[in-house]
Amino acid sequence: MIPSLNRRSVMRLAGAAVLAAPFVARARAAAARVVVIGGGAGGATAARLLAASGAPLDVALVTADRRFTTCFFSNLYLAGARPLESLTHGYGRLEAQGIEVVHAVAAVIDAIGRNVRLANGGSLAYDRLIVAPGIGFRWDAIDGYGRGAAEIMPHAWKGGQQSALLRRRLAAMEDGGVFLIAPPQDPYRCTSAPYERVSLVAYYFARVKPRSKIVILDAKDSFPLQALFEEGWARYYDGMIEVIPAEFAGGAQAVDVHAGTVMSLEDTFRPAVANVIPPQMAGRLAQESGLADASGWCPVDPTTFESTRIPGIHVIGDAAIAAPMPKAGYVAAHQARIAAGAILQSLVGRPAIPVEVGGACWTHIAPDHAVSERASFAITDGRIALTALSISATGEPDEVRAAAAADAEGWYRDITVGMFG
């Protein structure tokens, strides 16, 4: 389980002895201003950690949305196992903690003037800036698939409206129809999630539309946890799921939303519902501010998650280049701890303390049947290293998989409390 992120976590991260006396010495000084852009797993967690640290800080969180719907656990919503409301959270508790929550689009970062200009005409000065811009999509990667096409063939790779749209499409589909999902090439957000989605849509079909089929038109030749998924599919959804790896078809090459078709190198598919997940990159703000490099992602110093392109700005979450850490919600929360700790240390003129972080990720094959990955990462000498990895084994008994599903529910409670209070 990922531990709850509370003040004690911050003190352990930055070092209790370091935080005590020096902050007393600064108590009469003007509070430092930290602005956090992005209200998801990385940004909201970082804002809470900083506000709870006891340091002389003014913390502002910039998020366009008044309520945030998590992308993690959205596949359970697609299966009909959770309501969308259970994945949707407000920012009231952050405001009660003294965080200034600004509901606006961050339009421009002025790194020289240390100022964030907002789309509504306002601006926020900062001493330190944390940016958690999430993902953007490479709209030119699949011919015919752009923002408008996503309203017909949803990607559902951001929580909220897109998830609800895909759910409606699946509910309206006639029994016997085909659901096609087109996962992208690496890197992308949450690498096992397309196959969890396949599993949970199959769970829904098995109960409501048992004659329906699922086609995976993959841009890769293999996928994470493949043996575990294939074991579960053979048991629960035998004959329902067809995998077409890249070596045979090259993944989704083009779409025609008006004809309802998806084209590979070899074939044209006309599914009842298409879920096209485009290749990804760091979100818009990272691109326009120069935080992203030619890869489309943001290089950082892993000791602090400070950008290596623009000093004074920390980039956390999916947008950061942090391999071997995956792009996942639990990782974003841990990166928030690293960046927050580095900022707290900088207030007293001390270098960041190298830390080891670890956590777990759960993947559902059915609502009461989950597998897990547990990993630890050490950040030393300016590099991230995977120090331990444990993955569920094939052939585990049902009670182990049911316990993993229960653990996943506990993790969801913990991480969202860490984000929103």
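Taking interchain pairs and intrachain pairs at least six residues apart, which have beta carbon atoms under 6 angstrom, with the first residue in segment 130-152 and farther than 30 Å from VAL34 by Cβ and the second in a loop (DSSP other than H, G, I, E, B) and of a type in the set (Gly, Ala, Ser)? Partner pairs satisfying both residue conditions: TRP139/GLY146; ILE142/ALA252.
Quick one: would you say ALA282 is closer than 23 Å to LYS220 by Cα, crowded, with 17+ Cβ neighbours inside 10 Å and without any contact (Cβ under 8 Å) to a residue 40 or more places away in the chain?
Working: closer than 23 Å to LYS220 by Cα: yes; crowded, with 17+ Cβ neighbours inside 10 Å: yes; without any contact (Cβ under 8 Å) to a residue 40 or more places away in the chain: no.
No: the conditions fail for ALA282.
Return yes or no: is ARG211 open to solvent by 10 Å² or more (accessible area, probe 1.4 Å), closer than 30 Å to ARG114 by Cβ and either in a loop (DSSP other than H, G, I, E, B) or touching a strand residue (DSSP E or B) at 6+ places or on another chain (Cβ under 7 Å) (or both)? For ARG211, the condition - open to solvent by 10 Å² or more (accessible area, probe 1.4 Å), closer than 30 Å to ARG114 by Cβ and either in a loop (DSSP other than H, G, I, E, B) or touching a strand residue (DSSP E or B) at 6+ places or on another chain (Cβ under 7 Å) (or both) - is not met.
Within segment 189-204, the set of residues being open to solvent by less than 20 Å² (accessible area, probe 1.4 Å) and either among the basic types (Lys, Arg) or over 16 Å from ARG82 (Cα atoms) (or both) comprises SER192, ALA193, PRO194, TYR195, ARG197, VAL198. Would you pick out the residues in segment 68-111 that are out of contact with any strand residue (DSSP E or B) (no Cβ under 8 Å at 6 or more places or on another chain), crowded, with 20+ Cβ neighbours inside 10 Å and not small (Gly, Ala, Ser)? Scanning segment 68-111 gives CYS71, PHE72, PHE73, TYR77, LEU78.
Kindly indicate the residue of segment 324-359 that is hydrophobic (A, V, I, L, M, F, W, C), outside any helix (DSSP H, G or I) and modelled with pLDDT of 90 or more and also nearest to TRP411 (Cα to Cα) among those meeting that condition. Working first, answer last.
Within segment 324-359, the first condition is being hydrophobic (A, V, I, L, M, F, W, C), and the residues that meet it are 325, 328, 331-333, 336, 338-340, 342-344, 347-348, 352-353, 355, 357.
This time we only want the ones that are outside any helix (DSSP H, G or I), so: 325, 328, 348, 352-353, 355, 357.
With modelled with pLDDT of 90 or more added as a condition, the list becomes 325, 328.
On the way: MET325: 18, ALA328: 13 Å.
Here the residue is ALA328.
Does segment 238-256 include one or more residues that are without any contact (Cβ under 8 Å) to a residue 24 or more places away in the chain, open to solvent by 60 Å² or more (accessible area, probe 1.4 Å) and aromatic (Phe, Trp, Tyr)? Lay out the reasoning, then the answer.
Within segment 238-256, the subset without any contact (Cβ under 8 Å) to a residue 24 or more places away in the chain is 238-239, 248.
Checking the rest, the ones that are also open to solvent by 60 Å² or more (accessible area, probe 1.4 Å) come to 238, 248.
If we keep only those that are aromatic (Phe, Trp, Tyr) as well, we get 248.
For segment 238-256, residues without any contact (Cβ under 8 Å) to a residue 24 or more places away in the chain, open to solvent by 60 Å² or more (accessible area, probe 1.4 Å) and aromatic (Phe, Trp, Tyr): present.
Kindly establish whether ARG114 is under 22 Å from the mean Cα position of the chain (by Cα) and open to solvent by 10 Å² or more (accessible area, probe 1.4 Å). Working first, answer last.
On the way: under 22 Å from the mean Cα position of the chain (by Cα): no; open to solvent by 10 Å² or more (accessible area, probe 1.4 Å): yes.
No; evaluated as a whole, the condition is false for this residue.
Only one of ALA405, ALA366, ALA375, ALA388 is surrounded by fewer than 16 Cβ atoms within 10 Å (Cβ to Cβ), of a type in the set (A, V, I, L, M, F, W, C) and either over 19 Å from the mean Cα position of the chain (by Cα) or under 17 Å from ALA328 (Cβ atoms) (or both); which?
Step by step, each of ALA405, ALA366, ALA375, ALA388 is checked, and only ALA388 is surrounded by fewer than 16 Cβ atoms within 10 Å (Cβ to Cβ), of a type in the set (A, V, I, L, M, F, W, C) and either over 19 Å from the mean Cα position of the chain (by Cα) or under 17 Å from ALA328 (Cβ atoms) (or both).
Tell me, which strands (runs of 3 or more DSSP E) lie completely within segment 72-177 with 2 or more residues that are under 20 Å from PRO279 (Cβ atoms)?
Filter on segment 72-177 gives 135-137.
Among the residues of segment 408-421 satisfying the criterion of being of a type outside the set (A, V, I, L, M) and open to solvent by less than 60 Å² (accessible area, probe 1.4 Å), which is farthest from CYS71 (Cα to Cα)?
Here is the first cut: in segment 408-421, the ones of a type outside the set (A, V, I, L, M) are 409-414, 416, 418, 420-421.
Next cut, open to solvent by less than 60 Å² (accessible area, probe 1.4 Å) only: 410-412, 414, 416, 418, 420-421.
Values: GLY410: 17, TRP411: 14, TYR412: 11, ASP414: 16, THR416: 12, GLY418: 16, PHE420: 15, GLY421: 18 Å.
So the residue we want is GLY421.
Looking at the structure I just gave you, is ARG48 at pLDDT 95 or above, part of a strand (DSSP E or B), out of contact with any Ser or Thr (no Cβ under 7 Å at 6 or more places or on another chain) and buried (at least 17 other Cβ atoms within 10 Å of the Cβ)? Criteria not met by ARG48.
Any idea which of GLU266, GLU288 is at pLDDT below 95 and open to solvent by 60 Å² or more (accessible area, probe 1.4 Å)? Talk me through it step by step, then tell me what you get.
On the way: GLU288 fails: at pLDDT below 95.
Selected residue: GLU266, the only one of GLU266, GLU288 that is at pLDDT below 95 and open to solvent by 60 Å² or more (accessible area, probe 1.4 Å).
A residue that is in contact (Cβ under 8 Å) with a residue 40 or more places away in the chain and within 23 Å of PRO311 (Cα to Cα) cannot be found anywhere in segment 74-95.
Within segment 157-178, the set of residues being closer than 23 Å to ASP318 by Cα and either touching a His at 6+ places or on another chain (Cβ under 9 Å) or not hydroxyl-bearing (Ser, Thr, Tyr) (or both) comprises TRP157, LYS158, GLY159, GLY160, GLN161, GLN162, ALA164, LEU166. Note on segment 352-374: residues that are in contact (Cβ under 8 Å) with a residue 24 or more places away in the chain and either over 28 Å from PHE73 (Cα atoms) or aliphatic (A, V, I, L, M) (or both) amount to 9. Going through (1) open to solvent by 40 Å² or more (accessible area, probe 1.4 Å); (2) over 25 Å from GLU306 (Cα atoms) one by one, SER163 falls short only on (1).
When the residues of segment 317-363 are filtered to those that are over 17 Å from the mean Cα position of the chain (by Cα) and polar (S, T, N, Q), the one that is least open to solvent (accessible area, probe 1.4 Å) is GLN345.
The values are calculated or read from the model by the stated rules, or taken from the named source; none is laboratory data. No experiment lies behind these values; they were computed from the predicted model shown. Ideal geometry is used to build each Cβ from the backbone, glycine not excepted, and the neighbour counts take in all protein chains shown. Note: areas computed on protein heavy atoms with side chains; ligands, DNA, RNA excluded. Shrake-Rupley method; radii C 1.70, N 1.55, O 1.52, S 1.80 Å.
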